[in-house]
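**Q** Shown below is the structure under consideration.
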Amino acid sequence: MQLTLLAAVEDIIAHEYLPPTHYLLRAVHKTDESALAELYYHVYSPDIIQSRDEARHEIQHTFEGAYGQLLPDLSPVTLWNDTLVGSVLTVAQAPWADTPQGLFVIEVMTHADHRRQGVARASLVWTAKHAFLSGHNTIGLRVESENTAAVALYQSLGFRIWTP
């Protein structure tokens, strides 16, 4: 079952958190499409993404706005030794009717070799700081309820269950 979560930007940025040593965060660029597709392919199980072509297709659609207008300035990628190992992709408004109004994170991805290092936490705080500077008050996202590690991370940052 999917949970829709919502957080106040101020609650997230109250968690001052820097990227772990040797990691660099920056805004996503169109030129990151191939590396994002590769990350997407590795992050999701084969029952969700069966091929690299399917992953490329999904990331291309993301940049084209199929899941809402992608906001590069609010969508960090995480680099380790110049390799893209994580990303948070944020849209201005999710295209689904059963989501809250405003900023919505459509993807939080961390390569398996870099999980439990603080990459996702640092990326979400980075997103919230930039959202705050842009005048946004809230950020929403969806997560599978069975993904207890992700749910715990989001709740620790101030995300709470949202219902329409």
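Read-outs: derived from the displayed coordinates by stated rules, not from any lab. This is a predicted model, so every value here is computed, not measured. All Cβ positions, even for glycine, are placed from backbone atoms using ideal geometry, and neighbour counts span all protein chains on display.
**Q** Restricting to the stretch 113-164, what's the tally of residues that are farther than 16 Å from Pro76 by Cβ, of a type in the set (Val, Ile, Thr) and touching a strand residue (DSSP E or B) at 6+ places or on another chain (Cβ under 7 Å)?
**A** Total satisfying the criteria: 4.
**Q** Just wondering, is there one or more residues in the stretch 69-81 that are of a type in the set (Gly, Ala, Ser) and closer than 26 Å to Pro164 by Cβ?
**A** Yes, the stretch 69-81 contains a residue that is of a type in the set (Gly, Ala, Ser) and closer than 26 Å to Pro164 by Cβ.
**Q** What single numbered condition from (1) under 30 Å from Thr21 (Cβ atoms); (2) outside any loop (DSSP other than H, G, I, E, B) fails to hold for Arg116?
**A** Answer for Arg116: the failing condition is (2).
Yes/no per residue for (1) charged (D, E, K, R); (2) in contact with a Phe, Trp or Tyr (Cβ under 6 Å, 6 or more places away or on another chain); (3) part of a loop (DSSP other than H, G, I, E, B):
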{"position": "Pro19", "(1), (2), (3)": "no, no, yes"}
{"position": "Glu38", "(1), (2), (3)": "yes, no, no"}
{"position": "Pro46", "(1), (2), (3)": "no, no, yes"}
{"position": "Phe63", "(1), (2), (3)": "no, no, no"}
{"position": "Thr78", "(1), (2), (3)": "no, yes, no"}
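**Q** In the set Leu39, Leu18, Leu25, which member is in contact (Cβ under 8 Å) with a residue 12 or more places away in the chain, under 16 Å from Gly86 (Cβ atoms), touching a helix residue (DSSP H, G or I) at 6+ places or on another chain (Cβ under 6 Å) and not β-branched (Val, Ile, Thr)?
**A** When all the criteria are applied, what remains is Leu25.
**Q** Working only within the stretch 128-149, note down all residues that are closer than 14 Å to Ile106 by Cβ and small (Gly, Ala, Ser).
**A** The answer is Gly140, and nothing else.
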